[in-house]
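Contents: one structure, followed by commentary.
Each value in this text was obtained by applying a stated rule to the coordinates, not by laboratory testing. Being a predicted model, the structure only gives us computed values, none of them experimental. No Cβ is skipped: glycine too gets one built from the backbone with ideal geometry, and neighbour counts run over all protein chains shown.
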Number of protein chains: 2
Amino acid sequence: MKILISNDDGIDSYGIIALSKALAKLGDIYVVAPIFEQSAAGHAITMKKHLKVVSHYINDEFFGYAVNGTPADCVKIGITKVLNINPDIVVAGINHGSNTSTNIIYSGTVSVAREAAMMDIPAVAFSINGRTSENIDWAAEVAAEITFKAFKNGIKPGKLLNVNFPNIPKEQVKGILITKQGNSRFADSYTTIYDEIGREYHQLTGEFINLDGDDLHIDQNAIDNGYISITPIKLDSTDHEEFELIKDWSFTEISLRS
Amino acid sequence: MKILISNDDGIDSYGIIALSKALAKLGDIYVVAPIFEQSAAGHAITMKKHLKVVSHYINDEFFGYAVNGTPADCVKIGITKVLNINPDIVVAGINHGSNTSTNIIYSGTVSVAREAAMMDIPAVAFSINGRTSENIDWAAEVAAEITFKAFKNGIKPGKLLNVNFPNIPKEQVKGILITKQGNSRFADSYTTIYDEIGREYHQLTGEFINLDGDDLHIDQNAIDNGYISITPIKLDSTDHEEFELIKDWSFTEISLRS
């Protein structure tokens, strides 16, 4: 089993080290990850700049390729240029911070798995609900089992799994729930900052707003209540309901056909 | 009618100028767009850097705010900080180059509309199938009608329209089709480049692969065949089919609950 691992926190984050160690028990691991943190990179790719790939050693047991690009770049260049392998599965994380609800649109971690799905390779993204590291090791062990199950049971082309762990000790975890992507989002605000000569700059801040009530089968609610959340995600975002409604619109400039 | 306009080609691209002129007939326009091109920015947002907003004049009739950020940043900061208005609709484009099928995942243009949808504001993204400008003016006129219809008929919260124009004279256009997001994608490759002291760099290239047969109600096929394509898009990408299948997986480390 050949496993490509990437992330958005960067190649030296504890989450990718722990995940790599745990997944090494399943087969051959190949790490291609951003040299610098790429949180909130979304599904950006690098088209106008040249990418540089360098070998990166953390210690005796951990080797990877570091790329001056985005998470999606790492998957593309890792598979088509650097490694010369066809991975059996692509795994992202473990991200320090949850990736749930509409935040999966901003997430570089999820974009790793989404990019693999676009190459018809099974893929799983892993995140933990917090910035601390004390629960990453058990999460990595469970991530290995989920990765194995995803490989063995198969994930259809164009689909991926988005997994989030609660940031609590393993013995307190209530179980695994299959969930749906929530509708919750950040209410944005900007803090204005002035430099020493009075020029104005803006720094994004925001507050998470729960719009999903208390349904446990919603990603963020599951982890907030002590469950591991597995959300199946697809690439097609066509709104089939709206599709039917728009057919009734009338246009004058150019006619609507059916 | 208050209309916020942004794009990913940058505030000085012909597409946003033509669109602004056409939309000015519908109401008050507010332009907040990236100072530099942000193609393939995906849905990236700027979190660790400070954003700068500067007034930008192209000529007597065209004023906007230029931001050193991504398309999604422009929507966030435009609405929450710069303009002090609640736009009735957010419009993106006109992008020079189509944004169809899985490429909407990479598109900065679509991310403008997606970001607005996350703020529960109706939104439409416009792109034209080519890098030339000779058909942008008529496309902008039709874009104004579609924008008005989207405002008048309403687009539900969390939903957006992705519109693509064929790059042909208006009189050759066969009509408007409501379409679905295609499954086509790029087969990636990288060109390796060496600098003067032999260091290796990689430049992304790729070839568009049509995986959607000849169904006219698929976004790229519609424009390739002379139609204007309108695809309704939603934020929720949960795969409900896979959701049911995963319920049958068995886990040993931690139990699956239902």
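How shielded is B:153-160 by partner chains, expressed as the average number of their Cβ atoms within 10 Å of its Cβ atoms? Before the final figure, lay out each step's value.
On the way: counts 5, 1, 4, 4, 2, 5, 5, 3.
Mean inter-chain Cβ contacts per residue within 10 Å come to 4.
For B:Glu200, the label point sits 7 Å beyond Cα toward Cβ; its separations from the matching points on the remaining copies run 4.9 nm, from shortest to longest.
For chain B, the 222 nm mean residue ellipticity estimated from helices alone, with every DSSP H stretch of n ≥ 4 adding -39500 (n - 2.57) and the total spread over all residues, rounds to -6500 deg cm²/dmol. Among the trypsin sites (Lys or Arg not before Pro) found in the stretch B:109-184, those both in a DSSP coil and sparsely packed, with 12 or fewer other Cβ atoms within 10 Å of their Cβ, are B:Arg131. Taking every DSSP beta bridge with both residues inside the stretch A:1-121, roughly what % is antiparallel (nearest 5)? Roughly 35 percent of the DSSP beta bridges within the stretch A:1-121 come out antiparallel. Determine the shape class of the stretch B:1-123: with a ≥ b ≥ c the square roots of the Cα gyration tensor eigenvalues, call it rounded for a/c under 1.5, and otherwise prolate if a/b is greater than b/c, oblate otherwise. Rounded, because the longest to shortest axis ratio a/c is under 1.5.
As a length-normalised measure over Cα pairs under 8 Å and 6 or more apart, the relative contact order of chain B settles at 17 percent. Within 10 Å, at most 11 other Cβ atoms, and a DSSP state outside H, G, I, E, B define an exposed site. Report the longest part of chain B free of exposed GluC sites (Glu not before Pro). Between the exposed loop sites, the longest stretch runs B:62-133.
Across the stretch B:166-258, Cα pairs under 8 Å and at least six residues apart give a relative contact order of 32 percent.
Counting only other chains, what is the mean number of Cβ atoms within 10 angstrom of the Cβ of each residue in peptide A:241-253?
Values: counts 4, 11, 7, 2, 7, 10, 3, 2, 8, 2, 8, 3, 11.
Across A:241-253, the average partner-chain Cβ count within 10 Å equals 6.
With Cβ to Cβ distances under 14 Å as the rule, what net charge do the other residues near A:Phe243 carry (K, R +1; D, E -1)? That works out to -3.
With the Cα gyration tensor of the stretch B:136-258 giving a ≥ b ≥ c as the square roots of its eigenvalues, does the rule (a/c under 1.5 for rounded; else a/b larger than b/c for prolate; else oblate) give rounded, prolate or oblate? Kindly include the intermediate steps, with their values, before the conclusion.
On the way: a/c = 2.26, a/b = 1.14, b/c = 1.99.
Because a/c hits 1.5 or more and a/b fails to exceed b/c, the stretch B:136-258 counts as oblate.
Cross-link pairs exceeding 27 Å between alpha carbons, from the set B:Lys25/B:Lys48; A:Lys48/B:Lys52; A:Lys159/B:Lys48: B:Lys25/B:Lys48; A:Lys159/B:Lys48.
In terms of packing, defined here as the mean over residues of other Cβ atoms within 10 angstrom, the peptides A:28-34, B:20-26 line up highest first as A:28-34, B:20-26.
Taking packing as the residue-averaged number of other Cβ atoms within 10 angstrom, the listed peptides B:5-15, A:220-230 run from highest to lowest as B:5-15, A:220-230.
Please compute the net charge surrounding B:Gly226, taking Lys and Arg as +1 and Asp and Glu as -1 over other residues with Cβ under 12 Å from its Cβ.
Numbers: positive: A:Arg257, B:Lys170, B:Lys174; negative: B:Glu171, B:Asp224.
Combined, the nearby Lys, Arg, Asp and Glu give +1.
Phi angles across the stretch A:197-205 convert, under the Karplus curve 6.51 cos²θ - 1.76 cosθ + 1.60 with θ = phi - 60°, into 3J(HN,Hα) values of 10, x, 6, 9, 10, 10, 10, 5, 10 Hz, Gly and Pro given as x. Counting Cβ atoms of other protein chains within 10 Å of each Cβ in A:116-127 and taking the mean gives 1.
Which pairs, out of A:Lys170/B:Lys247; B:Lys76/B:Lys247; A:Lys152/A:Lys234; A:Lys180/B:Lys49; A:Lys234/B:Lys247, put more than 28 Å between their alpha-carbon atoms? Beyond 28 Å between Cα atoms: B:Lys76/B:Lys247; A:Lys180/B:Lys49. Spatial offset of the stretch B:100-175 relative to the stretch B:31-83 amounts to 19 Å, using the alpha carbon center of each. Tell me whether the protein assembly as shown comes out rounded, prolate or oblate; compute the Cα gyration tensor, take square roots of the eigenvalues as a ≥ b ≥ c, and use a/c under 1.5 as the rounded threshold. Here the protein assembly as shown falls in the prolate category.
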